[in-house]
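Inspection log for the structure reproduced underneath, given as structure tokens.
The values are calculated or read from the model by the stated rules, or taken from the named source; none is laboratory data. Here the structure is a predicted model, which is why all the values come from computation and not from measurement. With ideal geometry, Cβ positions are generated from the backbone for all residues, glycine too; neighbour counts draw on all protein chains shown. All accessible areas refer to the heavy atoms of the entire protein, side chains included, with ligands and DNA or RNA removed. Shrake-Rupley method; radii C 1.70, N 1.55, O 1.52, S 1.80 Å.
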Amino acid sequence: MERQVHVIPFQVLEQVDKVNEIPKGVEMIQAPKVWEQTKGKGITIAILDTGCDRTHPDLRERIIGGINFTEDDNGDKDIFKDYNGHGTHVAGTIAATKNDNGVVGVAPEANLLIVKVLDKAGSGQYQWIIDGIHYAIEQRVDIISMSLGGPEHVPALHEAIQRAIAANILVICAAGNQGDGVDSTDEFDYPGCYNEVISVGAIDLERRSSRFSNSNNEVDVVGPGEKILSTYINGNYATLSGTSMATPHVAGAMALIKILVNASFERHLTERELYAQLVKRTVALGNSPKLEGNGLIYFLNFYDSAAASSNNWFCHYKSK
């Protein structure tokens with residue numbers, strides 16, 4: 001299968017070698033307000049991307065393993081080094097360690113499983129993505145994060161995602177970037193437009209709809225996606241923009257949500273129920289649902305009881 005999938009296009013705005021701050025996107029969704037209760041410990045997130053800088057000081061304690069499905073490094077399965085930067089940036093937004101230096105991720109104690117399915121050019125075969133999803137299922141991860149996309153519906157990819165959902169794994173994907181900057185494109189990127197996944201669009205740090213983000217009727221939520229500071233290759237940090245940057249905010253948020261609501265309900269919620277709990281923690285921004293879905297992921301009401309009547313759970317839930 002030689003059809004190609006790519007990282008969702010992104011812009012590198014700035015690179016630096018030293019920072020010490022909680023990124024504005026992490027603050028924007030109010031994640032720090034949850035850290036007294038949980039920082040994501042015990043949750044494993046598989047990042048299907050360009051690999052990761054496993055020696056980065058903000059990430060090395062979070063990475064529990066990885067695998068390479070690409071042809072980089074002569075196809076060596078054990079080398080999942082990131083030569084591109086995209087995967088490392090995504091990883092930092094999800095779970096950069098809170099160590100009083102560098103940056104902090106949304107879920108700074110979550111575990112990261114690095115699944116390299118895109119090569120140093122940011123491209124990959126659909127089969128690599130499919131193999132990566134199956135590997136994540138075998139490793140019994142809690143969440144799969146994919147800031148990637150391609151133009152074609154591939155049944156085997158869809159089936160892999162359905163298998164992950166059946167295993168109670170949350171699958172979170174970028175909605176994709178629009179190319180012309182108009183308000184509504186109705187463009188679809190796969191796997192982000194599959195109904196089973198949580199499809200993430202982007203807004204800027206002023207809560208305005210991002211000029212990058214696709215708009216279509218499969219967008220579920222939005223997250224910060226412009227001028228996002230995170231970890232980068234060679235131990236550095238970079239500010240990037242794109243829906244790729246919004247997706248890991250939601251992946252990290254779901255790690256926190258899963259811990260909190262499972263504890264509150266005293267049972268393991270299903271993928272469907274967890275999605276409903278995500279929807280409860282959104283705020284509408286006044287845009288078309290094609291642009292923002294249910295709205296911005298926002299933890300301001302997290303101190304309210306997570307328990308809610310099941311009659312209210314699915315009022316904004318798209319059919320699956």
Return yes or no: is T93 open to solvent by less than 30 Å² (accessible area, probe 1.4 Å), polar (S, T, N, Q) and in contact with a Lys or Arg (Cβ under 9 Å, 6 or more places away or on another chain)? no
Answer from S241, S264 - the residue that is touching a residue at least 60 places away in the same chain (Cβ under 8 Å) and either closer than 17 Å to A175 by Cβ or over 14 Å from the mean Cα position of the chain (by Cα) (or both): S241
For the range 274-290, name all the residues that are closer than 12 Å to M254 by Cβ and either open to solvent by 70 Å² or more (accessible area, probe 1.4 Å) or charged (D, E, K, R) (or both). R281
Among the residues of the range 50-81, count how many are outside any loop (DSSP other than H, G, I, E, B), within 21 Å of I130 (Cβ to Cβ) and in contact (Cβ under 8 Å) with a residue 12 or more places away in the chain. 6
Of the conditions (1) open to solvent by 40 Å² or more (accessible area, probe 1.4 Å); (2) in contact with a Ser or Thr (Cβ under 9 Å, 6 or more places away or on another chain); (3) closer than 30 Å to E206 by Cα; (4) acidic (D, E), the single one that D49 does not satisfy is (1)
Identify the residue in the range 64-76 that is within 16 Å of I144 (Cβ to Cβ) and out of contact with any helix residue (DSSP H, G or I) (no Cβ under 7 Å at 6 or more places or on another chain) and, among all such residues, is surrounded by the fewest Cβ atoms within 10 Å (Cβ to Cβ). I64
Are there helices (runs of 4 or more DSSP H) fully within the range 263-320 with at least 3 residues that are at pLDDT 95 or above, under 25 Å from Q37 (Cα atoms) and not charged (D, E, K, R)? List them. 271-280
Sole miss for L205 among (1) hydrophobic (A, V, I, L, M, F, W, C); (2) closer than 25 Å to G102 by Cβ; (3) open to solvent by less than 10 Å² (accessible area, probe 1.4 Å) is condition (3)
Looking for something assigned to a helix (DSSP H, G or I), small (G, A, S) and either crowded, with 17+ Cβ neighbours inside 10 Å or touching a Leu at 6+ places or on another chain (Cβ under 6 Å) (or both) - is there at least one such residue anywhere in the range 115-129? no
Would you point out the residue of the range 256-273, among those that are among the aliphatic types (A, V, I, L, M) and under 20 Å from P108 (Cβ atoms), that is surrounded by the most Cβ atoms within 10 Å (Cβ to Cβ)? I257
